[in-house]
Each structure stands twice: as structure tokens, then as C-alpha cells.
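The values are calculated or read from the model by the stated rules, or taken from the named source; none is laboratory data. What you see is a predicted model, and the numbers here were worked out from it, not measured in a lab. Cβ placement follows ideal geometry from the backbone for every residue including glycine, while neighbour counts extend to all protein chains displayed. Just so you know, the surface numbers come from the protein's heavy atoms only, side chains and all, with ligands and any DNA or RNA stripped out. Shrake-Rupley method; radii C 1.70, N 1.55, O 1.52, S 1.80 Å.
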Amino acid sequence: MQRGIFNIEYSIFIFFHAMTNRDTLPFKKIDTSTTIVIVGVTGDLSRKKLLPALFDLHRRNALPKKFRIVGFSRRDWSDEGFRQFASQTLLPDRHHHTDGELKVFLRHLTFQEGNFDTPDDFRALGKKLAAVDTEMGGCSNKLFHLAVPPDLYGLIFINMARAGLNIPCIGKNEGWIRLLVEKPFGKDVKTARHLDMQLAKFFREEQIFRIDHYLAKDTIQNILAFRFSNMLFEPLWNSRSIEKVVVELYETDDVAGRINFFDGVGELRDMGQSHALQMLAAIAMENPGTTDAAALRQARIAVLRQLAPLTKRTAPASVVRAQYRGYRDEVGVAKNSQTETYFQLQVNLRSKRWRGTPFFIEAGKALHHSKVKIKVFFKTSESCFSCPAGPHEHPHNMLVFRIQPEEAIAVHFWAKKPGLKMELIKKELSFNYGELHDGHTPDAYETLLFDAIRGDQTLFASTDEITASWKYVTSVLKNWSAVPLQTYRRGSAGPKKKLI
Ligand code: BG6
């Protein structure tokens with residue numbers, strides 16, 4: 001059962017029509033009883049993404065008939081405390097549900113108090129899971145979602161294993177165990193490898209689901225559907241016709257409230273190593289020719305391995321890093337913190353197809369607007385008809401993938417301005433994804449949780465992808481200290497000096 005993405009009709013049907021219809025699921029759902037354990041359930045991720053996604057899946061009848069959600073955290077909550085937290089999170093106006101729907105969902109929630117560094121607390125979690133199994137009438141599948149800062153992963157893997165939580169219902173040949181881990185997976189190549197080694201001691205690769213939620217965004221998947229199902233642009237998809245590609249990830253939110261996670265990690269590890277490079281891979285990859293998970297991952301890996309590492313010599317012309325003013329006043333941030341909240345990079349690919357076409361990736365917090373898009377700039381026409389004089393005036397065509405907030409694809413082209421004179425005017429042909437349906441577009445986390453329960457790893461990053469992207473990012477981290485850290489005003493377009 002594969003997630004298909006190369007056929008427009010199929011994508012539209014699967015990702016819009018099917019998920020908008022409560023009774024029609026895109027794939028056959030798994031119906032063996034399943035327990036979802038959220039480790040770090042009181043955090044931001046669980047509140048903003050996981051609980052809403054699970055609730056929406058439940059409302060769409062997409063979770064197994066018998067399921068439980070076990071919250072695990074240090075808080076001394078009862079089941080009731082956890083349910084109250086969840087119901088406040090799932091405010092009616094944000095999630096358009098009825099009270100009845102919420103009540104039914106909350107009944108599936110239960111809580112276990114525990115410290116991540118205390119082996120006994122993991123044993124207590126094991127007992128709780130056994131009690132939940134008894135309640136559901138047998139050994140259930142277990143999906144552990146680690147919604148905690150990544151520096152706790154190692155400790156949690158070990159404590160899970162000590163408590164036997166990596167083995168499905170000891171003594172019974174039933175159920176599976178899967179593990180969902182968030183990015184950033186490690187801080188550089190070395191730490192990512194170390195984490196992988198720790199994981200490999202207790203889990204097999206098919207049990208590990210490494211999340212980069214951008215891979216599951218409909219509009220990112222649509223890049224592949226668009227590229228590989230249409231003849232229109234693919235023949236031009238190379239450095240002969242494409243001048244440059246620009247990937248932009250702008251956010252208005254600052255990092256107040258997330259300092260514990262963000263300081264010392266920074267925007268490049270947070271958004272660059274994962275989301276921005278995966279977007280680049282969707283633009284640059286070769287056609288895998290099949291929707292098979294392994295083939296798709298292989299195509300992504302091939303691009304990530306072609307990233308030309310940064311060197312001391314290339315860094316000054318290829319990097320901008322900056323921090324918004326006021327960042328160092330946040331509680332817990334050192335007065336001389338060098339953590340970047342913005343970066344821009346020129347990335348080159350060592351492949352025949354892309355030699356000579358630079359990719360620019362840019363991401364930042366506390367910027368003037370929240371927008372994510374990819375702009376593909378085509379070269380100017382050599383024999384431009386009626387072009388203004390001067391090569392800089394020559395019109396470019398541009399293809400824009402707008403990922404969020406509005407989801408659209410637009411082509412900028414030139415036409416004759418109506419009138420007696422032969423003059424050019426810039427126009428746009430566009431397609432707005434939202435117009436295709438009037439229902440619910442699944443959030444990336446809904447798709448990811450649904451796929452993890454089905455055991456489909458297509459939209460999860462493999463260990464080779466992670467290693468390849470860390471290799472590139474580590475080369476940047478090693479060499480960018482030569483480039484001064486600029487500052488920028490909150491709510492602005494970022495630092496003054498940029499690459500483009
Ligand atoms: C997360 C980052 O992976 O993605 C956050 O850790 C960022 O810093 C978020 O805000 C952005 O995701 P989205 O889906 O809102 O664009």
C-alpha cells in the first residue's frame with residue numbers, strides 16, 4: 001500500500017476529496033487496537049499539533065476502533081487533569097467540533113506521571129500500558145511519540161529499553177512498537193550518528209519514523225505531482241533554463257517561550273537542516289519513476305548527497321546569519337549569544353542537471369510576514385520579442401510554489417499590453433489549491449500520525465537523508481563564524497545585507 005503522488009488526479013482525489021469526507025479514507029486504516037504514547041505531553045508540540053491532529057483523525061474515523069492516548073510527563077496530573085488540558089487545547093472555535101465529539105475523544109485519554117531520567121518511571125509506564133491493554137482486551141500496538149527536546153532522546157531510548165518498552169507485549173506474538181522522533185535529529189553529523197547507533201541497539205529501521213513535517217505538507221507533495229505528471233516544465237528543469245531557485249521560510253513569531261529548545265540550536269538546525277533542504281530536494285530530485293517509499297527516499301538522498309559543502313573560502317559569499325534585536329533579552333539567553341534567528345545560504349549542487357544554478361535558502365523568525373514559498377526563476381529569452389533595451393530589462397518567467405499561508409502555484413509570464421504599441425505586460429496564471437475543495441485539508445501531523453499507524457515511511461526522513469543533510473549543514477556551521485552575525489528589527493524583512 002503506497003502513498004501515490006505522481007498522478008494529479010490521484011493526488012487531488014487522495015489528499016483533498018478523500019480527507020474531506022469523513023467516511024472515505026485515503027487508505028485502508030489499521031484496525032488492530034493501538035496505544036499512542038506522547039512522551040512530553042505537556043509541551044508546545046503536543047498542544048499545538050499532536051492533540052489537534054489526533055482529535056481530527058478521530059473525528060474523521062481514521063484512528064483504529066480501539067485506541068488510547070497515554071500522556072507521559074513530569075506533571076502530577078490525574079487522567080482528569082490531562083483531559084482538562086486537552087479540552088482547553090482543543091477550543092471549540094479553533095477546531096469546529098461539537099461538545100459530544102470532544103467528550104467521546106477525551107474518554108480515550110489517560111495519563112502517567114514520570115521523569116525522563118528515572119528508569120522506574122518507565123517501568124511504571126510499562127505497567128500502565130499493560131493495564132490499558134487489559135482494558136482494550138489484548139496486546140495493542142504501541143506508537144511512542146517523543147515530543148521532547150532532542151537532547152533527551154538518548155536517555156529516553158535507554159530507559160524505554162530498560163523497561164522493556166521496545167518489545168511488544170513480552171511473550172505474546174502480537175502488536176508492534178513504533179517510535180516517532182522529531183527534528184532536529186542530532187546537532188551535527190557526529191551527534192546524529194551517535195543517536196542512530198543508540199536507536200539501532202533497541203529498534204529496527206522499520207520501527208523508526210523520523211519526522212520532518214514539511215514532507216507531509218500537501219503542497220510540498222504537490223511539487224512532485226506537478227513536476228512528474230506534467231510535460232510542461234520538466235524538459236526545462238535544469239541549469240540550461242533555470243537561472244536560480246529561491247526557497248523562503250518566513251515566520252512572524254519570535255522564539256520567546258521556546259528558548260530552552262532554540263538557544264544554541266538556532267534557525268539553521270531548526271529550519272534549514274530539515275524543512276528547507278527537503279523543499280530543495282523536492283525541486284531538484286530526479287524522477288524516481290515509482291511511488292515506492294524506498295525509491296522516493298533514494299531520490300531525496302541523491303540530491304542531499306550532491307550538496308557542495310561550504311568551505312572557509314566560499315563561506316563569505318554564500319552565507320548571511322543574523323539575530324533579531326531583543327533576542328538576547330529573553331530569559332535564559334546569554335548576553336553574547338551567537339544563536340542565529342535568521343539565515344540565508346547559497347547552495348550549489350554537484351550534479352550535471354544543476355551545475356551553474358544556485359539555490360538560495362532563507363529562513364527567519366520575527367520577520368514581517370509568515371510566508372513559505374519556492375520561486376523558480378527561468379533564464380531570459382535570448383531572442384526576446386519586443387523586449388526593452390538592456391539585458392537587465394529582459395523579462396524572466398517565474399514559477400512560484402506558494403506553500404503557506406495561501407497554497408497555490410503561479411506562473412509569471414509576459415504578454416502584449418493592449419493598445420497600438422507593441423509593449424509587454426507581466427501577467428500571472430495561477431491555481432489556488434484551496435479552490436479545489438471546500439472541506440478539510442489534513443494538517444501535516446494528521447498525515448504523519450495516520451501513516452505511522454499504517455506503517456508507511458514514505459513521508460519520513462531516512463537515516464541516510466539525515467546524515468547527508470547534516471554533512472552539508474555541519475560544513476556551514478564549521479565555516480560561518482568568519483561571517484559576522486548581523487542584527488535586524490523584529491517585524492522587518494531581516495538583516496540589511498543579504499545575498500540576493
Ligand atoms: C518546526 C520548527 O519544525 O516548524 C519551528 O521547529 C517552526 O521553529 C515550525 O515554527 C514551522 O512549521 P509550520 O508548519 O508552521 O510552517
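Between Ser481 and Thr32, the simple spin-label model (points 7 angstrom out along Cα→Cβ) gives 5.1 nm. Here the Debye sum runs over all C-alpha atoms of region 273-418 as equal scatterers in vacuum, and log10 of I(q)/I(0) at q = 0.11, 0.15, 0.20 Å⁻¹ comes out as -0.63, -1.04, -1.33.
Pop out the carbon and sulfur fraction of the accessible area of region 215-488 as a percent, whole number, probe 1.4 Å.
Of all accessible area on region 215-488, carbon and sulfur atoms account for 53 percent.
Cα convex hull of region 104-176: mean projected area in nm², to one decimal?
Working: hull surface 21.6 nm².
For region 104-176, averaging the hull's shadow over all directions gives 5.4 nm².
If you keep only loop residues by DSSP, which trypsin sites (Lys or Arg not before Pro) in region 188-285 have at most 14 other Cβ atoms within 10 Å of their Cβ? Working shown, then result.
Values: sites: Lys190, Arg193, Lys201, Arg204, Arg210, Lys217, Arg227, Arg240, Lys244, Arg258, Arg269; in loops: Arg204, Lys217, Arg240, Arg258.
The qualifying sites are Arg204, Arg240.
Of the Cα atoms belonging to region 31-182, the radius of gyration and Dmax stand at 14.8, 46 Å.
Eigen-decomposition of the gyration tensor built on the alpha-carbon atoms of region 358-500 gives equivalent ellipsoid semi-axes of 35, 26, 17 angstrom, largest listed first.
Looking at the chain, what % of the alpha carbon pairs are farther apart than 43 Å?
Values: 22762 of 124750 pairs.
The proportion of pairs with Cα distances above 43 Å equals 18 percent.
Label separation (Ala200 vs Arg313): 3.4 nm, computed from points 7 Å beyond Cα along the C-beta direction. What do you get for the angle between helix 293-305 and the principal long axis of the chain? Use alpha-carbon atoms, 0 to 90 degrees, nearest ten. The angle comes out at about 50 degrees. Our estimate of slack between Leu152 and Ser492, defined as 0.36 nm per intervening residue step minus the Cα-Cα distance, is 119.0 nm. Placing a label point 7 Å from the Cα of Asp120 along the Cα-to-Cβ direction, the residues of region 126-163 whose backbone N falls under 17 Å from that point are 126-128, 159-160, 162-163. In a shell of Cβ-Cβ distance under 10 Å around Gly257, excluding Gly257 itself, what net charge do Lys and Arg (+1) and Asp and Glu (-1) give? In short, -3.
Extension gain for Glu382 to His96 (0.36 nm times residue separation, less C-alpha to C-alpha distance): 97.6 nm. Remark: region 146-232 carries 42 Å² of accessible area per residue (probe radius 1.4 Å; ligands, DNA and RNA excluded). Using every pair of separate Cα atoms, the Kirkwood estimate puts the hydrodynamic radius of region 215-488 at 20.5 angstrom. Distance between the pseudo-spin-label points of His368 and Glu406 (7 Å out from Cα toward the beta carbon): 1.7 nm. Principal axis extents of the Cα atoms in region 222-345, from largest to smallest and rounded to whole angstrom, are 53, 33, 24.
Two numbers describe the Cα atoms of region 32-110: Rg and Dmax, which are 11.7, 32 Å.
Scaled to the compact-protein estimate 2.2 N^0.38 Å, what is the alpha-carbon radius of gyration of region 344-438, rounded to two decimal places? Mind showing how you got there, number by number?
Details: Rg = 16.9 Å, N = 95, 2.2 N^0.38 = 12.4 Å.
Its radius of gyration relative to the 2.2 N^0.38 Å reference: 1.36.
Take every DSSP beta bridge whose two residues both sit in the chain; close to 55 percent of them are antiparallel.
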